[in-house]
Structure formats: structure tokens, C-alpha cells
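Following: one structure in C-alpha cells, then a few remarks.
The values are calculated or read from the model by the stated rules, or taken from the named source; none is laboratory data. Model, not experiment: these values are computed from the prediction. Backbone-built Cβ (ideal geometry, glycine too); neighbour counts: all protein chains shown. The area values use the complete protein model at the heavy-atom level, side chains included, leaving out ligands, DNA and RNA. Shrake-Rupley method; radii C 1.70, N 1.55, O 1.52, S 1.80 Å.
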Amino acid sequence: MEFLERVVADNAAAFAGVSTSLGIRLGLYEAMAGAGPLTSDELAQKTGLVERYVREWLAAQVASAHVLHDPETNTYVLPDEHAAVLADSSLPTYVAGGFTMLKALYGAEEALTSAYRSGGGVSWQDYGPELAEGAAAFFKPGYEAVLVQEWLPAMEGVEAKLRRGASVADVGCGFGHSTVLMAKVFPQSRFHGFDFHEPSVEAARKLAEEAGVGDRVTFEVAAAHDFPGGDYDLVTFFDCLHDLGDPGAALRRAEEALAADGSCLVVEPNVSAEPGENIHPIGRSFASTSAVLCLPAAMAQNGPHALGNHPGPDALRAIAAEAGLHSWRLAVETLTNRIYDIKR
Ligand SMILES: C[S@@+](CC[C@H](N)C(=O)[O-])C[C@H]1O[C@@H](n2cnc3c(N)ncnc32)[C@H](O)[C@@H]1O
């Protein structure tokens, strides 16, 4: 019975995810944040949406305990603590970004069933535009909270180089949040973001312009195994090394492109290679996305590897050593990520 209840709850969460995603896309959580109690009419007016739909959405939100309802006044409130998780994407507590990836993942079910049967892949591009946008939204708050504050200082000698003026390649940069975050803090340095997904590169360029760092950041379409440039003090792979069909070729290219005492920063999910150790929400989240995204996207690249997002540090370390990067150190870890400092 306990198991049955758990699966019913999972199914309810899977249904509820769509209305959470709608709440983000339609600005409903943002409109409720800090607004105090609102009627469905008031929320509809604030968001320019149809009241009947807003009322139904609110009922779903109350059932999920995201929003509280006062039957006496027939008003709804998004408590500040909930707004920090669902409404304000500038806070490290914001975790709602992942919901905007759901459409891409559920929408790929047909392609995934074929891939599971044939051994083929589903390419990053085949998931549709929501994937890149959702992935960027999912990772951004984490990077904002710790990249500059904790991860870069944990890398040997890197922060001082960035302060003096260093050259950085951010490989598989996606929408460029990591690149722009670093560029904002280290104006003496130059940052070059590369990704093989053209729409992501375009979004990254826009982000850099909006952030006012266009003078020190460039973004180019390039595959991880042949990104241009050389003499980089730092080459970074944020949550993407395991997604590559040929992570070895990407690390070989990084090794070639590094300055004499340059370093690679590799950010990977903090999830165990031992399935039984991932029975917790973060492990579940990573293991589940690996089965429907990370593995099939890597399979689509027809490389020598399709690692999934939990290959374990030994597998990655062996690939790095083969690429000529023999020094391997766990620099720091958070609940969600492990950050490796890798050198020749
Ligand atoms: C999970 S996303 C991470 C994006 C970004 N680094 C971030 O942390 O938000 C993986 C990224 O790897 C990129 N990618 C996958 N295979 C690639 C390849 N072979 N060459 C270059 N980029 C690749 C995808 O386009 C995507 O942007």
C-alpha cells in the first residue's frame, strides 16, 4: 500500500508539473510574489489572463500546496518562502527552471521509444527549443550562487589569473550563463563560449549584450572536439562533458588548447555510479534525466562513449588521463555538483 501511494503521488506530481510550467511561462508565480492575498479576478487582471483559467490553475496550485487558499475571503497567497522557490529566478533557492524542460522531455517520448529499440540516439536539437531554454533556467541559479563565490576559488591558482587577465574557453556553454557570470566579475579577462547548438549561441550573445559584457565575451558555434583558439588559461565544461559522444576528443582538444600551466574546470552532476545510492530527490532527478536526455543525446553523436550523467569519477578520470590530462583533483562539491580541477 505504501508503494502504491508513492506511485500515485508520483503520477500526481507528473500531472502537476505541466501547471507549474504554465505558472512560470505565464508569469503567474511572479505576479503573486509579494502581492499578498489575491482573488482569482485580481490575479487574472494582473496577468492579463482569462479568469476562468486562472481560477482552475489556482485550484491546482492549492492542491499541490504551492499556493494557500483562504475560503472566507476566497483569496490565494503565494507565501514568500514559496516565491523564493517558484518565482524569483535570481535567488539560489529558485528550482522551478527544470519544469520548463518537461515539454521537451515528454515530447520526445516517440523518438525515445525508437531509440531504445534501435540503439540510435535523440539529438539535443531533436528535443525542440524548450530543452535548451529549460536546461539554462535549471542550471543558472546554482551557478549564480556558487561559481564565482566557491568553485573558482577552489581551483588552484585560477582566481588570481582571472583577476590579472586570463583567457577562458567555456565549452558546451549553452545559453552562456556561466560565461557571462565569470565575465561580469573578471573584467580584465577574455571569455570565449562555444556550443554546437546555434540557437543557444544566439541566446548567449544576447545575454552578453544585455549584461553589458559584450566587450570581453564572444560566443561561437563550435563542436567540443574542435573549438578554436589556444593558449587558454582555463577551459571549462559546465554540466556537459558527459553529454558528449566523444568526451575524450573534447578533453584532447582542451589539452592542446591550454596554456603551459592552464587548467580545466569540469562540472559534473553529483550522482553516484551505483544506482542504489541515488534514491533521493537529486539522485532521482539526475538518473531520470540521464535515461531520457543525457544518454540518448550522447548516443546521437555516435562517438566512442555514451556515458549518461552518472559514469562516476573513475570513468571520467581515465578518459582525461588518456587525453593527456593526468592531474585530477576534486576541487569542491555541492549537493548537486562535483567540480574537478584537471591539468596535464
Ligand atoms: C546540459 S547542457 C549544459 C549547457 C551549459 N553549459 C549550462 O551549464 O547551462 C549541455 C550542452 O552541451 C552542448 N553540447 C552537447 N554536445 C556537444 C558537442 N559535441 N559540441 C559542443 N557542444 C555540445 C549542448 O548543446 C548543450 O548546450
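The figures follow:
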| quantity | calculated |
| --- | --- |
| From phi via Karplus (6.51, -1.76, 1.60), per-residue ³J(HN,Hα) for the range 106-119 in Hz, x at Gly/Pro | 5, x, 8, 4, 4, 5, 5, 4, 5, 5, 4, 7, 9, x |
| For residue 331, residues with placed amide H under 5 Å, excluding near neighbours | 339, 340, 341 |
| Shape category assigned to the range 288-344 from the gyration tensor of Cα positions, a/c cut at 1.5 | oblate |
| Of 11, 53, 38, farthest towards positive along the dipole that unit charges on Lys, Arg, Asp, Glu beta carbons give the range 2-86 | 53 |
| Top of 283, 157, 308 by mean-square fluctuation, Gaussian network on the chain, Cα under 10 Å | 157 |
| Fluctuation leader among 279, 319, 24 - the chain, Gaussian network, Cα springs under 10 angstrom | 279 |
| Probe 1.4 Å, accessible area per residue of the chain, Å² | 48 |
| Within the chain, helix-based [θ] at 222 nm, where runs of 4 or more DSSP H residues each add -39,500 (n - 2.57), nearest 500 | -13500 deg cm²/dmol |
| Most mobile listed residue (178, 285, 189) in the chain, GNM with C-alpha springs under 10 Å | 285 |
| Portion, in percent, of the accessible area of the range 2-86 that falls on carbon or sulfur, probe 1.4 Å | 58 |
| Long-range HN-HN contacts of residue 259 with modeled amide H, under 5 Å | 231, 232, 233 |
| Helix 51-63 axis, angle to the chain major axis (alpha carbon atoms, nearest 10°) | 70 |
| Added length on full extension, which subtracts the Cα-Cα distance from 0.36 nm per residue, residue 330 to residue 145 | 64.7 nm |
| For the chain: relative contact order, % (alpha-carbon pairs under 8 angstrom, 6 or more apart) | 13 |
| Potential extension, residue 15-residue 93 segment - 0.36 nm per residue separation minus Cα distance | 25.8 nm |
